[in-house]
Amino acid sequence: MADILTIGEILVEVMAKKVGQTFDETGEFIGPFPSGAPAIFTDQAAKIGSTAGIYSTIGTDAFGELNYRKLEEDGVDVSIIKKSSQKTTGVAFVTYKEDGDRDFIYHIHDSACALIGPDDIKKEDFLECKYFHIMGTSLFTEGLRAAVKKAIGFCKETGTKISFDPNMRKELLKDPVMKEFLEYILSHCDIFLPGGDELKLLLGTNDEEKAVASLLEQGVQYIIIKNGSKGTRAYSKDTAFKVEPLKVVEVDPTGAGDCFAGTFISCLNKGISFRQSVMYANTAGALAVTKRGPMEGNTSLEEIKGFTK
C-alpha cells in the first residue's frame with residue numbers, strides 16, 4: 001500500500017472566466033477541472049515521488065472519470081477509490097473577486113464522496129503507511145468523521161504520523177460537534193499545517209509564540225504556518241525559521257495550500273530535511289497559482305528544485 005494516505009472529496013471545479021463575475025448574473029465559466037482538496041494533496045504527493053493514495057468515492061460519470069484518469073496518470077494509487085452508480089461526482093463552482101477573494105457554490109453533501117464511511121478504512125492499509133493526512137474540508141458528514149476517527153486509531157497502533165491541515169472557515173467553529181472534532185484531531189496530530197488565522201481560531205489566542213509553544217509541548221513535531229504571499233513560518237522543538245514567498249504572477253490561487261502540504265509531506269517521506277522540505281513546499285505552493293485549475297499547477301520535485309534558492 002501507499003506510504004501516504006488521505007481521505008475526502010474528489011470533485012470537479014467549474015470557474016468563472018472573468019474576475020468580478022458573480023453567481024447572480026449569467027456569465028461564462030470554464031472547466032471542468034479535477035479538484036477536491038485531498039485529491040490535490042495526494043496528486044502532488046505522488047508527483048514528488050512518494051506512493052500516495054486517497055480514500056474517496058466518485059460517481060460512474062464523466063466527472064469521476066476525469067479525476068480518476070488525472071490521478072492515475074500522475075502516479076496516485078487509485079486502488080482505494082470507490083465508484084458509485086447511485087451518486088454523482090461532486091462539483092464546485094467558483095468566482096473571483098477584485099480583491100483576490102473567492103466565492104464558492106458546492107454540490108458535495110449529496111454527492112458520491114458523501115458515501116465515504118468507517119467501513120472503507122482497513123487496518124492493513126496502515127501497516128506500511130508512513131503519513132496519514134487529514135483536512136478540515138473533508139469532515140462534512142458523520143460518516144467521514146467516523147472514518148477519520150477509525151483511521152487515527154490505526155495510526156496510533158501502527159506508528160503512522162498524522163498531519164492535519166484545518167483548511168476551514170471560522171463558521172465551522174460555531175458548530176460544537178465540528179469544533180470538538182477539530183480539537184480531537186489537533187490533539188492527535190504530529191504535523192500541523194494551519195493558515196495564520198486558523199492557528200488563532202483553533203488555539204484561541206492571537207499570540208503565535210504562545211500557541212506554538214503549547215503545541216510543541218503537546219507533542220506536535222512540526223508546525224508550519226502558511227501565509228500565502230506573505231511566506232511561511234516553520235517551527236519544531238529544535239528550530240524556528242521563515243521562508244520568504246516566491247514572486248510569481250497569480251492566475252488561480254485554488255489548491256495552493258494543498259499543493260504545499262502534499263509537497264511537504266512527500267519530501268519528509270523521501271528523507272529530505274525539515275527545513276528543505278518547507279522550502280520546496282513553499283516553492284510548490286507559489287508555482288501552483290501560476291496555472292488555471294486546482295491541479296494544473298502541481299509540479300515535480302525536479303521542477304521545484306529549479307525555482308528554489
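Taking a label point 7 Å from the Cα of E72 along the Cα→Cβ vector, which residues of region 37-56 have an amide N closer than 15 Å to it?
Correct set: 54.
Can you tell which of A45, A151, A240 shows the greatest fluctuation in a Gaussian network model of the chain with Cα springs below 10 Å?
The residue with the greatest mean-square fluctuation here is A240.
For the chain, with a Gaussian network of springs between Cα atoms less than 10 Å apart, report the residue from F23, F63, F192 with the top mean-square fluctuation.
With Cα springs under 10 Å in the chain, the top fluctuation among F23, F63, F192 is at F23.
Using r as the Cβ-Cβ distance of K230 and E25, and R0 as 41 Å, what FRET efficiency do you calculate, to the nearest 0.05?
For R0 = 41 Å, the calculated efficiency reads 0.80.
Considering only protein heavy atoms and a probe of 1.4 Å, how much of the accessible area of the chain is carbon and sulfur, as a whole percent?
Exposed carbon and sulfur together represent 49 percent of the surface.
Please arrange H109, H133, H188 by accessible surface area, largest first, computed with a 1.4 Å probe and ligands excluded.
Output order, biggest surface exposure first: H109, H188, H133.
Which of P194, P118, P294 moves the most in a Gaussian network model of the chain with Cα springs under 10 Å?
Taking springs between Cα atoms under 10 Å, the residue moving most is P118.
State the extension gain, in nm to one decimal, for the chain segment bounded by T205 and V251, taking 0.36 nm per residue of separation less the distance between their alpha-carbons.
13.2 nm
Can you give the translational diffusion coefficient of the chain in µm²/s, computed by Stokes-Einstein from the Kirkwood radius over Cα pairs at 20 °C and 1.002 mPa s?
The estimated diffusion coefficient comes to 111 µm²/s.
Please work out how much length the chain gains when fully extended from T290 to I105, using 0.36 nm per residue of separation minus the C-alpha to C-alpha distance, in nm with one decimal.
Separation in residues times 0.36 nm, less the Cα-Cα distance, equals 64.3 nm.
Please give the calculated 222 nm ellipticity per residue for the chain, where each DSSP H segment of at least 4 residues contributes -39500 (n - 2.57) and the sum is spread over every residue; nearest 500 deg cm²/dmol?
Dividing the helical sum by the residues of the chain leaves -10500 deg cm²/dmol.
Equivalent-ellipsoid semi-axes (√(5λ), Cα gyration tensor) for region 242-309, whole Å, largest first?
In descending order the semi-axes read 19, 12, 10 Å.
State, as an integer percentage, the relative contact order of region 16-122 based on alpha-carbon contacts under 8 Å between residues 6 or more apart.
28 percent
Counting pairs of Cα atoms in region 66-135, how many percent are more than 13 Å apart?
Tail fraction, whole percent: 78.
Based on Cα positions only, what radius of gyration and what Dmax would you give for region 202-299, in angstroms?
Rg, Dmax (Cα atoms, Å): 14.0, 41.
Looking at region 1-79, I'd like the Rg to Rh ratio, where Rg is from alpha-carbon atoms and Rh is Kirkwood's inverse mean 1/r.
Taking Rh as the inverse mean 1/r over Cα pairs, Rg/Rh reads 1.07.
What does the accessible area per residue of the chain come to in Å², with a 1.4 Å probe and no ligands, DNA or RNA counted?
Computed with neighbouring chains in place, this is 44 Å² per residue.
Compute the distance in nm between two label points, each set 7 Å from the Cα along the Cα-to-Cβ direction, one at T239 and one at V177.
Modelled inter-label distance: 4.3 nm.
Using Cα pairs under 8 angstrom and six or more residues apart, how large is the relative contact order of region 151-309, in percent?
15 percent
What distance in nm separates the two pseudo spin-label positions at T141 and T60, each 7 Å out from Cα along the beta-carbon direction?
1.8 nm
The values are calculated or read from the model by the stated rules, or taken from the named source; none is laboratory data. Computed from a predicted model, the values in this text were never measured in an experiment. Positions of Cβ are backbone-derived with ideal geometry, glycine not excepted, and every protein chain shown enters the neighbour counts. In case anyone asks, the SASA skips ligands and DNA or RNA and just uses the protein heavy atoms, side chains included. Shrake-Rupley method; radii C 1.70, N 1.55, O 1.52, S 1.80 Å.
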